[in-house]
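Presented below is the structure to which this report refers.
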Amino acid sequence: MSQKIIIFDTTLRDGEQAPGASLNVFEKVEIAKQLNKLNVDVIEAGFPVSSQAQFEAVQRIADSVDTIITGLARTVEEDILAAYNALKESEKFRIHTFIGTSDIHIQGKFGHDRYGKTLQEKRSTILKMACNAVQYARTFSDDVEFSPEDAGRTDQSYLAEVVEAVIEAGATTVNIPDTTGYTMPEEFGEKIADLKKNVSNINRAVISVHCHNDLGLAVANSLSAISNGARQVECTINGIGERAGNASMEEIVMALKVRSNFWGFHTDIYTEEIYNSSRMISGFTGMLVQPNKAVVGDNAFAHESGIHQDGVLKKRDTYEIMTPESVGISNNKIVLGRHSGRHGLSSRLIKMGYEFSEEQLNNIYERFLELADKKKEVYDEDLRVLMGDETIVETGFYDLDYLQVNLGTTTIPTATIRIKTEGKVLEESATGDGPVDACFRAINRTLGLGDNVKLEHYQVRSITGGKGALGEVTVRLRVGGEAYMGKGISTDTIEASVKAYLQALNHYESMKDINIVFENMATV
Ligand code: KIV
Ligand code: ZN
């Protein structure tokens, strides 16, 4: 049997650090359940000390999913204690603690004299903090991971010294992050090989890697690290994450699977759940997947040129190195129509991997009929949207009750909107530069929202095929200092825009009371 590569998913922690990708607790729990279906080995659920919302999300996930759950913590007691408190209900949990070890991080982030005056003194303080943190974390769990942040740019002999010391202190996984996506595959592989060779106790810990994609090399660097001894990779679905993102899970997993003859390693991922996972993350975060994205992009299995089409029709493997089915993309195109019954709908949805109660099915079926009335043919893609919509926000703080828009080539666009909230029904009208602008102004007026709410991003796209295609609108609102995403789906893009705007406001309302961002996050 080939050796296993441990898949550590950080979509809910590093992935959520992608600009504008904030998720509410409900969405995080849904994603964690999907990651569980995908059969990842470890889920990094968040950074518990950073806010009450993060703490609560990690706690809820630890309570709902039986995979190993981990939470991030700086090398300070307050963070480690918060991680432990958030994770303790989980049967199996890991504490993941980190501190910057490159000279750039040491001089830039730990410049104050309390860490020491010279670089040498500061390095020795950092090393002690790392060991103390690992020892402290071990009082709560036998499973402790340590990350020397910016290892990619850390002096190699100091890195080896830190790694050896934290393993001695009790770290069971040492994660080597290329935090800034700076290294080249060969160079990063050599870093891992050097640790394997020169750290005397390296066999007592699992070597992990965590690569960022600033130069588009996160997956290549991760694979190169595997070649040189890494046995855990940290990655995210769709490669989302800080800046240019993290190594993409689907690419690493499929590279190991499709080229198992080359690698001789395996993962325990149910690859048939990859596509569902990708769609769910994209739906909840509002971050679209580029069409030519490897494995999960819309074009990943599309053959355009005549020669390719001819080849694939004759024998699929002429131009396909993996099948769409192997990553969960169904070949089933036309699914249902307005005459389809509840049974047909439910069995199709179950085949697509969804779970729902009888009561939810009633609601889904009603909405399916509405959609089938507007569109003749309902595709799998439509059903996915319908289900995504179902799981996002069932009832919000603000519900759209009525919308009327007047527009024409010679009239000023005017919108009248009625919103139900807390048992009241509020109505207002407004004009705008266009119908969508008029709607957004009418919402602001109805809810008495002032300059505090800013529309930062607006995007509309057609997500399904055919004349009655569904339009998806994604908006990002900035309320105070925080960004809130909202998504709306309808065959009418103006209605979808209003739904998206209200959903972003609902996000804000659901996070408002619990989103106390702790101070002093920038300093250790
Ligand atoms: O990129 C990074 O270095 C990280 C660490 C906290 C593992 O995300
Ligand atoms: Zn990272």
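The values are calculated or read from the model by the stated rules, or taken from the named source; none is laboratory data. Values in this document were obtained by computation on a predicted structure and should not be read as measured data. Virtual Cβ from ideal backbone geometry, glycine too; neighbours counted across all protein chains shown. In case anyone asks, the SASA skips ligands and DNA or RNA and just uses the protein heavy atoms, side chains included. Shrake-Rupley method; radii C 1.70, N 1.55, O 1.52, S 1.80 Å.
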Exercise. How many residues, within the stretch 15-34, are modelled with pLDDT under 85, within 16 Å of ligand 2 (Cβ to nearest atom) and out of contact with any Phe, Trp or Tyr (no Cβ under 9 Å at 6 or more places or on another chain)?
Worked result: 1
Exercise. Looking at the stretch 221-243, which of the residues that are within 12 Å of ligand 1 (Cβ to nearest atom) and open to solvent by 10 Å² or more (accessible area, probe 1.4 Å) is farthest from the chain's Cα centre (by Cα)?
Worked result: 243
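Just to be sure I understand, how many residues within the stretch 465-504 are part of a loop (DSSP other than H, G, I, E, B) and open to solvent by 30 Å² or more (accessible area, probe 1.4 Å)? First the steps, then the outcome.
So in the stretch 465-504, the residues part of a loop (DSSP other than H, G, I, E, B) come out as 465-470, 480-481, 491-492.
Cutting the leftovers down to open to solvent by 30 Å² or more (accessible area, probe 1.4 Å) gives us 465-467, 480-481, 491-492.
Matching residues across the stretch 465-504 total 7.
If I filter the stretch 64-104 down to residues being assigned to a loop (DSSP other than H, G, I, E, B) and among the charged types (D, E, K, R), which single residue comes out as nearest to ligand 2 (Cβ to nearest atom)?
So the first thing to find is which residues in the stretch 64-104 are assigned to a loop (DSSP other than H, G, I, E, B), and the list is 65-67, 75-76, 88-92, 101-102.
Cutting the leftovers down to among the charged types (D, E, K, R) gives us 66, 88-89, 91-92.
Numbers: 66: 25, 88: 25, 89: 26, 91: 26, 92: 23 Å.
Among residues in the stretch 64-104 that are assigned to a loop (DSSP other than H, G, I, E, B) and among the charged types (D, E, K, R), the one nearest to ligand 2 (Cβ to nearest atom) is 92.
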For this session: May I ask you to say which residue of 160, 133, 171 is over 21 Å from residue 226 (Cβ atoms) and either among the aliphatic types (A, V, I, L, M) or assigned to a helix (DSSP H, G or I) (or both)?
Result: 133
For this session: Taking the residues in the stretch 174-200 that are open to solvent by less than 10 Å² (accessible area, probe 1.4 Å), free of Cβ contacts under 8 Å to residues at least 60 places away in the same chain and part of a loop (DSSP other than H, G, I, E, B) as candidates, determine which candidate is farthest from ligand 1 (Cβ to nearest atom).
Result: 199
Problem set entry | Odd one out for residue 17 among (1) under 30 Å from residue 127 (Cβ atoms); (2) open to solvent by less than 20 Å² (accessible area, probe 1.4 Å) | (2)
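Which of the following residues is of a type in the set (Lys, Arg), within 30 Å of residue 61 (Cβ to Cβ) and either within 16 Å of ligand 1 (Cβ to nearest atom) or in the same structural domain as residue 217 (by TED's automatic domain parsing) (or both): 138, 114, 123? Before you say what the answer is, go through the steps one by one.
Values: 114 fails: within 30 Å of residue 61 (Cβ to Cβ); 123 fails: within 30 Å of residue 61 (Cβ to Cβ).
Residue meeting the stated conditions: 138.
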Problem set entry | From 255, 218, 247, residue being open to solvent by less than 30 Å² (accessible area, probe 1.4 Å), within 22 Å of residue 282 (Cα to Cα) and more than 16 Å from ligand 2 (Cβ to nearest atom) | 255
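Among the residues of the stretch 209-224, which ones are touching a Pro at 6+ places or on another chain (Cβ under 8 Å), outside any helix (DSSP H, G or I) and without any contact (Cβ under 8 Å) to a residue 60 or more places away in the chain?
Going residue by residue through the stretch 209-224, those that are touching a Pro at 6+ places or on another chain (Cβ under 8 Å) are 209-212, 217, 220-221, 223-224.
Then drop every residue that is not outside any helix (DSSP H, G or I), which leaves 209-212, 217.
If the condition is that a residue be touching a Pro at 6+ places or on another chain (Cβ under 8 Å), outside any helix (DSSP H, G or I) and without any contact (Cβ under 8 Å) to a residue 60 or more places away in the chain, then 209, 211, 212, 217 are the ones that fit.
Out of 233, 206, I need the residue that is within 16 Å of ligand 2 (Cβ to nearest atom) and either touching a residue at least 40 places away in the same chain (Cβ under 8 Å) or in contact with a Phe, Trp or Tyr (Cβ under 7 Å, 6 or more places away or on another chain) (or both). Which one? I'd like the intermediate steps shown before the answer.
Numbers: 206 fails: within 16 Å of ligand 2 (Cβ to nearest atom).
The unique qualifying residue is 233.
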